[in-house]
Every structure is written in C-alpha cells, then in structure tokens.
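In what follows, a structure is listed as structure tokens, so that the remarks can point back to it.
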Amino acid sequence: MARLALENIPGERAVLGAAMRDPNIFWEHKARFRPEIFVGPLHRRIVTVMHRLAEAGREIVTPSILSFLAVDEEDGVSPEGYLATLIVEEADNAVAADLLDDLSEHWARRQMARLGDRLLKESTKDSNDSAITRLEESIAEVTGIAETLESDRAGSTDAAIERMLDQVSRAHAAGRSDGIPWFIPEAGRVTGDDVEYEWLIGILADTAGGKTSFALQQAVAAAQRGVPVLFLSGDQPPEDCYRQINSQMLSIESSALRRGRISKEEFSAVHQASRDLKRLPIQIRRILRPTARQIATMVRSFKRRHGDRRALWILDHAKRVTFDDRRSGLAEGVNQVFGDLKALNLATGCAGIVLMQRNSEGDKREDSRPILPDIYGGKGAAESFDTIMAIYVEERALEQQIRLSRGRVKADRLGQMEARLNTVRGKAELIGLKTRFSQPDIGEHVIREARFTRFVSNAQPELL
C-alpha cells in the first residue's frame, strides 16, 4: 500500500503567494497560518514574519516581509527572488482556505509519525517512567494534535460567528449561560458570571481561610448537575476530602466523623450520603508536586473517561505545582504555570479553578482586606486568569488583632474592634479581585459555618 505524503510544498507556495497578493487572506485566516504547519524552512520564516508584522500593526506586504528576512541566500535562493516567484502562484481566498486545511492535515500526520517513532523507541528503552505514564502522556499529546487540527478547521470567521450564535441561542433558551453555576449566588455576583468553560478562575484565601471547603462545595454542586469534576488535592488525602463533604452535607462535625462519635442515625446517613457520592461524576485525586504538563495529562485522561465531555478541574493549591524549568524565578515560573493551565482550558474546553494561599503582604497593611497583589506570584500573575475571587474571614483577622492589642491600645479603640468582631462573627466576605463583567473589589457577605466547614448563602441561610 502506498504511503501518503507528509508534506505539500506546492500547496505551501500557493497559499503564501495568495496571502502576499491579498493580505486580507492572511488576516481572515490568521490563527490558521501557524508556522509549524509549513515544512519549507523559508516558508516558516515568512509566516513568522507575517505574524510579527501583524503584532506591530504593519501591512503584510512584500517590502515589509523582506525587511525582516535575512539577506543571505538559503539553498542558493535569495528571499527577494523567492518572494517574487511566490506572488505569481495561483490561489484565491476560497482555495487558500482549502489549502490551509490540507497543510494542517499534513502537519497532524507528521506529528502522528513522530509520536509513533518515539513510542517504538521508548517501548524497548530502560526508563524509570511506567508504561501507563508514557501512554497517558502520549494519549494526551494525540488529543492535543486532534484538538489543534479541529481548531484549525473551525477557525474561519463564519464558523466563529455560528458558534457565537449557537451560544446565544442556548443561553436564551435556558435563561442563563451554559457555564457551571456557583453553589451560592454571591460568588456569581462578585465574579460577574458563572464558572464558564475555558475560563481559569483563581480563589484566594488566608491559611485556614476556607478555600478548600469552598471548592469542595462547588465541586459537589457541579457534579450534582452532571458536570464531571476532577479535584486535585495537594493537602489532604481523598478520604479526608470525602469526610469533609459528608460533614458539609449532613451537618455533622468533621472531627466527630473522624473519631466515630456519631449516633446510629448519623452513621446510617453517612453511608447513604457516601453511596450518593459514588454515583456522582467526581474524582478526588491526591497530588504531590506535579508540573503543569502532568496536570494537563490528568485532566485530559479524566475528560476521556467521561466521554470527552467538558469538565471542571480544581487544583488545591497553586504552590503545589513544580515549575517545568526549576531555574525559573518565582514570578516567571508562576506565570508559566498559570499560562499553561489557561492554555489547557482553551484546548480542552474545560473550566479550571486554582486555589491560592494569600502571601504575607496583607499582614503588613493596616487594612488586611485582600487586594490583587496578594495572589501567588504577585499582581503580574493575574494575567492568565479570567476572574479571581478572594475569601476573606475578617473574624479571624480581628481576633488576632485583639489578642495582640490588649494592653497596647486605648480601651475605646479596643472596644471598636470588639464591636466590629461581633458584627462579622460567623461571616465571610467574597471579594471579586479581577472580574470580566462586574465591578472589581465589590464584596458580598455569606454565612460561614466553621463547625461544618461550609459556606451558606445569606439569601438562603438553611442548607438545602
């Protein structure tokens, strides 16, 4: 059987010539003009230059392209002479779109061949990595190739408009977005929206500030709606998380569950709740020090096990992630991690929530209410997030201030602090630090039931 060709050099020449004659072709299909789908080294350089010109706001014309290309000849051909031959290639806009599809197809086949060769070599190579690890990574890579190919084919303006209309139609019919609702409405108000697919959402809190409890409640609420949920726990083993969920659902203190100090009726309720949990599409998985790439492998594998449906993944917490380049500084490494996690959501259509422990900067301010620079990696690390919400337990901060202030401040000032403590006791404030569709730094108070490590809406104080 004849082997299919893994390249199409004439097609590359034709589509480049078309884009040089009519720059609108490049602008309309800009996302699909990926340098890696071109085999010819000079072709890749030309496409790279086109993108550089676009980023600089310059016209995609031959003189500008030549000004960026090296003047030395490549394979005996000068860039100036080669560009002149490309311009006479015959291809219009419609043909260019088909050619880009064909070049993407050839690129995907090259990736398949490369991956196959690598797997063949690694199958006989002595390695510390288990076979299942290598296979999971390879499957994730194949999935990524397929998603990129699908994205290339769906990248036209018409397709994007149709997807937008489809989203609006679904939202109109349902009266809401097709995202995942927050388990309490206050979270939706401070972030400005539901947990939208493809979004990366940050949740910030102090140590023992309730971020894990909040995230577990969101995980269960999403799973009860049929959304597959992968909860990656860096602090607690899965059994501790499930016990905490039982505490939240049944109003039984987690310490009582741990020590077995429960009634027969409560014991029966725990068994029933656990059976209900087993039927939900939720997995809690312990992690140690994964890289962003390893998290991506876990998410892709989880998504496949659930019929390739869009899923919600939750990472508890950001400091558990190891930088791919261990030589990176904190800001650089954190930005790389968050950027990779955002890219994972865009590639898979999943939604992701990253829990972050607040840095120590807040302790140095008189007003300890969280602000954006308090996030892991500093304010610059917020770039990859679509929204960031803080959970602020003022009660804990005031209790500490009062302990430290006794005998050091005037009685009236201490009285003011204690009066404020009585006002915020049993409450937590949700603060939108970065938002898409609402005013940032607006807060909403919710009920904090520390005994059961759970949060309850002010609008619905009874737990449903």
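The values are calculated or read from the model by the stated rules, or taken from the named source; none is laboratory data. The model shown is predicted, which means the values in this text are computed figures rather than measured ones. Note that each Cβ is placed from the backbone with ideal geometry, even for glycine, and that neighbours are counted across all protein chains shown.
Annotations for the structure displayed:
- Verdict on residue 7 being at pLDDT 85 or above and outside any helix (DSSP H, G or I): yes
Results for (1) assigned to a helix (DSSP H, G or I); (2) at pLDDT below 85, shown as yes or no for each residue.
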site: 3; (1), (2): no, yes
site: 16; (1), (2): yes, no
site: 31; (1), (2): yes, yes
site: 39; (1), (2): no, no
site: 42; (1), (2): yes, no
site: 45; (1), (2): yes, no
site: 60; (1), (2): no, yes
site: 82; (1), (2): yes, yes
site: 95; (1), (2): yes, yes
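- Test result for residue 353, of a type in the set (A, V, I, L, M) and closer than 19 Å to residue 186 by Cβ: yes
- Pair list, Cβ under 8 Å, 6 or more apart: the range 121-150 residue over 12 Å from residue 108 (Cβ atoms) and of a type in the set (Lys, Arg), other residue part of a helix (DSSP H, G or I) and at pLDDT 75 or above: 134/119; 134/122
- Scanning the range 310-322 for residues that are more than 22 Å from residue 205 (Cα to Cα) and in contact with a helix residue (DSSP H, G or I) (Cβ under 7 Å, 6 or more places away or on another chain) returns a single hit, 311.
- From the options 208, 221, 256, residue that is at pLDDT 95 or above, surrounded by fewer than 23 Cβ atoms within 10 Å (Cβ to Cβ) and not hydroxyl-bearing (Ser, Thr, Tyr): 221
- Top-ranked residue in the range 1-51 [being touching a Lys or Arg at 6+ places or on another chain (Cβ under 6 Å) and touching a residue at least 60 places away in the same chain (Cβ under 8 Å); ranked as surrounded by the most Cβ atoms within 10 Å (Cβ to Cβ)]: 38
- Counting the residues of the range 306-321 that are among the charged types (D, E, K, R) and over 15 Å from the mean Cα position of the chain (by Cα) gives 4.
Per-residue answers, yes or no, for (1) of a type outside the set (A, V, I, L, M, F, W, C); (2) under 15 Å from residue 205 (Cα atoms):
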position: 380; (1), (2): yes, no
position: 391; (1), (2): no, yes
position: 399; (1), (2): yes, no
position: 406; (1), (2): yes, no
position: 414; (1), (2): no, no
position: 418; (1), (2): yes, no
position: 421; (1), (2): no, no
position: 428; (1), (2): no, yes
position: 433; (1), (2): no, yes
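- Test: residue in the range 65-78 that is outside any loop (DSSP other than H, G, I, E, B), at pLDDT 80 or above and aliphatic (A, V, I, L, M): yes
- The set of residues in the range 374-413 that are more than 20 Å from residue 429 (Cβ to Cβ), among the hydrophobic types (A, V, I, L, M, F, W, C) and not in a helix (DSSP H, G or I) contains only 409.
- Checking each residue in the range 424-440 for being of a type in the set (S, T, N, Q) and exposed (fewer than 11 other Cβ atoms within 10 Å of the Cβ) picks out only 439.
- Residue within the range 285-305 that is of a type in the set (S, T, N, Q), within 14 Å of the chain's Cα centre (by Cα) and farther than 17 Å from residue 234 by Cα present: no
- Number of residues in the range 18-29 that are within 18 Å of residue 87 (Cα to Cα) and at pLDDT below 80: the value is 0.
- Evaluation of residue 28 against (1) over 18 Å from residue 69 (Cβ atoms); (2) out of contact with any Ser or Thr (no Cβ under 7 Å at 6 or more places or on another chain) (one fails), failing number: (2)
- In the range 372-403, residue surrounded by the fewest Cβ atoms within 10 Å (Cβ to Cβ) [restricted to those that are touching a Gly at 6+ places or on another chain (Cβ under 7 Å) and hydrophobic (A, V, I, L, M, F, W, C)]: 393
- For the range 177-201, the candidate set comprises residues that are within 20 Å of residue 384 (Cα to Cα) and among the aromatic types (Phe, Trp, Tyr); within that set, the residue that is surrounded by the fewest Cβ atoms within 10 Å (Cβ to Cβ) is 197.
Here's the yes/no breakdown for (1) without any contact (Cβ under 8 Å) to a residue 12 or more places away in the chain; (2) closer than 24 Å to residue 350 by Cβ; (3) among the aliphatic types (A, V, I, L, M):
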site	(1), (2), (3)
222	no, yes, yes
225	no, yes, no
238	no, yes, no
243	no, no, no
250	no, no, yes
258	no, no, no
262	yes, no, yes
268	yes, no, no
272	yes, no, no
